[in-house]
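Computed from the coordinates by the stated procedures, all read-outs in this text should not be read as laboratory data. Since the structure is predicted, the reported quantities are computational estimates derived from the model, not experimental observations. Note that we place each Cβ from the backbone using ideal geometry, even for glycine, and neighbour counts take in every protein chain shown.
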Amino acid sequence: MSSHNDDERLTDIIDAIDTIRSHLARGDLSDGLIFDAVRVRLIEIGEAVKALDPELVASQRDVK
């Protein structure tokens with residue numbers, strides 16, 4: 001896996017986190033639309049993390 005793809009995935013993760021923050025600024029998770037929007041972004045983050053090079057993840061001791 002190339003680091004370029006990993007860089008893109010990491011950027012996607014950061015963007016998804018920023019989007020979650022934006023959604024939560026509009027309301028809390030008791031609002032079904034906010035909940036669904038946050039859930040979709042968390043799924044996106046999970047998929048991006050799974051696709052990262054395992055060596056990259058292993059090199060970050062704080063990542064578990």
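Per-residue ellipticity at 222 nm from helix content only, as computed over the chain with -39500 (n - 2.57) for each DSSP H run of at least four residues, stands at -25500 deg cm²/dmol.
Footprinting exposure proxy ranking of Glu44, Glu55, Glu8, fewest other C-beta atoms within 10 angstrom first, gives Glu55, Glu8, Glu44. Charged side chains reduced to their Cβ positions (Lys and Arg at +1, Asp and Glu at -1) give the chain a dipole of some 240 debye around its Cα centre. With mean projected area of the Cα convex hull in nm² in mind, check [x] 4.6; [y] 9.5; [z] 3.8 and report the label derived from this structure. Recomputing mean projected area of the Cα convex hull in nm² here gives the entry labelled [x].
Only residues of segment 22-45 count here: report those whose backbone N is under 19 Å from the spot 7 Å along Cα→Cβ of Asp15, or say none. Backbone N within reach: 22-24, 37-45.
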